[in-house]
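Quick notes on the structure that follows.
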Amino acid sequence: MTKEVKSVTKSEKPWRPITTKCCSVEDSVILGINFGRKSGTSELMSKNIAPLPSFRRLAYSGHLSNLSSCSSQRINEDLAQSFGPDLIDFQLSELKVITQNFCRSYLLGAGGFGKVHKGYVDENFKSGLKAQAVAVKHLDIEGLQGHREWLSEVIFLGQLRHKNLVKLIGYCCEDEKRLLVYEFMPKGSLENHLFKRLSLSMPWGTRLKIAIGAAKGLAFLHGAETPVIYRDFKTSNILLDSDFTAKLSDFGLAKMGPEGSDTHVTTRVMGTYGYAAPEYVSTGHLTTKSDVYSFGVVLLELLTGRRSMEKSRPKGEQHLVDWTMPYLSSSRKLRYIIDPRLGGQYSVKGAKYMAQLALQCVSLNPKDRPKMPMVVQTLEGLQNHKDMAIACGLWPPPNTKTSRVNGNSAKGRGYCKPSPVAPVRKT
């Protein structure tokens, strides 16, 4: 995923999908992506765009019950013709070898899709595959969306190439078995670092680096000629490389954005509660601004160290967006909600700018949310702020007296006064 690839030339014809014989038109979802450059698109959007494959046809059923009418051989033929050597067609027996028969000690995690195991391949294992560690994701055959999401991942990640998207190495489609093989991400997910490792705290600079990388991944998706809407942006889908480079994973819910005069895509509501944009939840209208809202929620998680939804907290603090809203526009109040595990070691100015950006991203009016290139630009500018808060410890809740803490004034304990912050530009 780190290599740049050239963009589509004008001589290449856009792919126009037709359904395969294995799926009925009524039950199929057809994905087509034209990754040509937009006129006036920024450099961020125009580089690292994958060349358009010469697809013959790709369609897939939305229900596992239809798999019996579509043979794995036919699916493999379509995928092989579409992607050629760019994706490796693994045999199930090969994946059992590299994961020690899906050994429990190799288990990395499990989710709605199924279990993920670590595997190892050497330079002699398969032609065209270098020696490396991989992650093998196994479809839960009982899942309602399993086959749909599996093929969506293959189609999107088979085309998309960017340093902030996880690399899909290959796939396995054998009888009713559905598996995916990715590059291994040694640092795991952002969710694990923020919420599940109680003894460790991510430094401010690392949080900012992750936010920038994830923003670039979304900006790349939104910058295609036909934008790709990620639809499931959250901390568990942001994976981290050995140097904490953020890469977006899990494209099972991704959708093509609106084309022509259309302003949105209408689809049934799917995703994760707490991250989904309110207008999408209420109407099913999906746009790239839906992703921007989800990104704003993740920014709040990075700032506060709290999850988007926490039922165990008091009623007024369960929904992160609602709880943080009164604090985000005030330099004086923001300090109350900063993640205490940072121990005061964060850029005061940087935190204020990030809070203002998050506030814009989670605006109830989608038109008021910034576009992702502007989000990237704003976050990159925060790397220049070297001012660090000098105090450790918790600020008292805003409804208590803050003039003195344990008999000493806040100023006497070294709490720094927040600096004024310039507003973040909108697009």
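Points 7 angstrom from Cα along the Cβ direction at ASP175 and LYS196: gap in nanometres?
In this crude spin-label approximation the distance works out to 3.1 nm.
Give me GLU174, GLU153 ranked fewest to most by other Cβ atoms within 10 Å of their Cβ, as a rough exposure proxy.
Details: GLU174 17, GLU153 24.
Final ranking by Cβ density, sparse to dense: GLU174, GLU153.
Quick check on packing: order 124-134, 342-352 by the mean number of other C-beta atoms within 10 Å, highest mean leading. Could the numbers behind the result be given before it?
Working: 124-134: 12.7, 342-352: 20.6.
Top to bottom by mean Cβ count within 10 Å: 342-352, 124-134.
What does the charge count around SER294 come to, taking other residues whose C-beta lies under 15 Å from its C-beta (Lys +1, Arg +1, Asp -1, Glu -1)?
Neighbour charge sum, excluding SER294 itself: +1.
Going through the cross-link list LYS115/LYS167; LYS118/LYS167; LYS118/LYS196; LYS209/LYS289; LYS126/LYS209, which pairs have a Cα-Cα distance over 26 Å in this structure?
Pairs exceeding 26 Å: LYS126/LYS209.
Using a basic spin-label model with each label point 7 Å from the Cα along Cα→Cβ, how many nm lie between ASP322 and ASN384?
Output for this residue pair reads 4.0 nm.
Tally Lys/Arg at +1 and Asp/Glu at -1 over every other residue whose Cβ is under 12 Å from the Cβ of ALA358; what's the total? Walk me through the numbers before you get to the answer.
Working: positive: LYS352, ARG369; negative: GLU301.
Neighbourhood net charge equals +1.
Order the peptides 99-110, 368-379 from the highest to the lowest mean number of other Cβ atoms within 10 Å of their residues.
368-379, 99-110
Calculate the spin-label point distance for SER329 paired with ASP243, positioning each point 7 Å from the Cα along the beta-carbon direction, and give it in nanometres.
4.0
None of the figures in this text is laboratory data; all of them are computed from the coordinates on show. Note that this is a predicted model, so its numbers are computed, not measured. Cβ atoms come from the backbone with ideal geometry, glycine included; neighbour counts cover every protein chain shown.
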